[in-house]
1. Percent of Cα-Cα pairs more than 12 Å apart in the stretch 172-219, please.
2. Counting pairs of alpha carbon atoms under 8 Å apart in space and at least six apart in sequence, what relative contact order in percent does the chain give?
3. How many Å³ per residue does the convex hull of the Cα positions in the stretch 98-249 occupy?
4. Kirkwood Rh over alpha-carbon pairs of the stretch 182-256, then Stokes-Einstein at 4 °C and 1.567 mPa s: what D in µm² s⁻¹, rounded to an integer?
5. Residues in the stretch 122-150 near a label at Ala262, defined as backbone nitrogen under 14 Å from the 7 Å Cα→Cβ point?
6. Once you list every other residue whose beta carbon is under 11 Å from the beta carbon of Cys49, what net charge do they have if Lys and Arg are +1 and Asp and Glu are -1?
7. Name the residues of the stretch 46-64 whose amide N is less than 17 Å from a point 7 angstrom out from the Cα of Lys85 along the C-beta direction?
8. Please work out how much length the chain gains when fully extended from Lys349 to Thr229, using 0.36 nm per residue of separation minus the C-alpha to C-alpha distance, in nm with one decimal.
Amino acid sequence: MAIGFGIVGAGMISRFHAKALADVRGAKLVACADSAPGRAESLAKEFNCKAYDSVDAMLADDAVEAVTIATPSGAHMEPAVAAAKAGKHVIVEKPLEITLKKCDKIIEACEKAGVKLSAIFPSRFHDSAKLIKAAVEQQRFGRLTLGDAYVKWYRTQQYYDSGAWRGTWALDGGGALMNQAVHTVDLLAWFMGPVAEVQAYTATLAHERIEVEDVAVATLRFESGALGTLEATTAAFPGYLKRIELHGSEGSAVMEEEDIRAWDFMKKSRSDAAVQRQMATSKSTGGGAADPAAIGHHGHAMQLQDFVDAIRKDRTPAIDGHEGRRSVEIILAIYQSAKTGKKATLPLKGDPKLAEK
């Protein structure tokens with residue numbers, strides 16, 4: 001029998017979850033819930049599932065065995081904890097939450113209930129990311145020396161005006177970093193290892209009526225001793241492909257969106273020729289660089305497949321709650337450094353107070 005899924009939140013990203021679930025073996029979308037009048041009904045009609053006007057009502061449905069959380073970022077904790085207490089497995093759209101305290105409450109609730117928890121980071125499941133991670137694990141880079149990430153995207157003023165929660169500390173949790181670049185922050189830390197300290201600047205330069213940053217730059221020192229840089233913006237017209245560069249004493253690799261753009265190692269491998277052929281035929285599109293709706297759902301499908309397999313085999317999902325928490329902590333450290341003008345060290349002790357009073 002397929003595992004029945006319910007979606008909490010019927011906004012834009014919910015449709016990516018619904019489309020992805022349709023491509024997952026052993027999964028079926030059976031329900032959705034949204035408190036806004038008509039939104040759940042619209043999603044349910046489009047994807048042939050049952051609509052509920054409250055999370056509690058959906059969680060009382062025995063056909064719902066797992067829940068995907070697709071609410072605004074700062075509204076993930078309440079439905080995630082409620083789902084765990086109802087005995088449902090939980091997968092949460094990025095970021096896991098916008099404070100460490102809220103992240104920890106989700107993790108604790110799922111561990112206490114004995115249900116699986118995963119945080120959505122589909123970029124890890126792309127072939128290019130897996131190739132780079134394997135090269136790191138095989139020590140092909142030698143000693144990692146430098147890791148850089150660039151998310152130079154563009155969002156119109158209308159994008160921020162389209163939802164009252166967008167661009168707020170309370171529900172968006174941040175701007176270009178927390179909302180857009182969080183995927184790339186996760187990948188950079190996955191490749192380079194834990195971050196030890198950051199020094200950063202943030203600014204709001206091109207948008208009005210938002211509380212959060214639309215430009216951020218940070219320097220990073222990783223626990224390994226390697227250094228790095230991070231640039232993120234939603235104010236770079238017309239928007240460019242996200243990019244990660246890894247360099248080491250014996251090799252370098254560059255990933256742009258889902259494609260490998262550079263693959264150079266001192267010690268050659270038989271697999272390098274296949275990577276070079278892939279590089280020659282790569283055709284990355286703009287992804288979400290200029291349009292948040294212009295992303296594919298295949299990454300979500302791969303991650304949801306892993307989640308279903310983890311439930312079936314009673315194993316930990318590839319990206320669990322603790323993995324999801326890590327990128328949030330790095331971003332909060334960057335915000336803390338930008339606000340105080342001082343270096344921020346990790347792990348953070350509590351949540352920094354970011355919103356201006």
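1. 66 percent
2. The normalised contact order for the chain reaches 19 percent.
3. So the per-residue hull volume is 138 Å³.
4. D = 94 µm²/s.
5. Zone members listed by number: 145-150.
6. Combined, the nearby Lys, Arg, Asp and Glu give 0.
7. 54-61
8. Using 0.36 nm per residue and subtracting the Cα-Cα distance, I get 40.9 nm.
All of the numbers you see were taken from the coordinates with simple rules; none came from a lab. Values in this document were obtained by computation on a predicted structure and should not be read as measured data. FYI the Cβ positions are ideal-geometry reconstructions off the backbone, even for glycines, and counts take in every protein chain you see.
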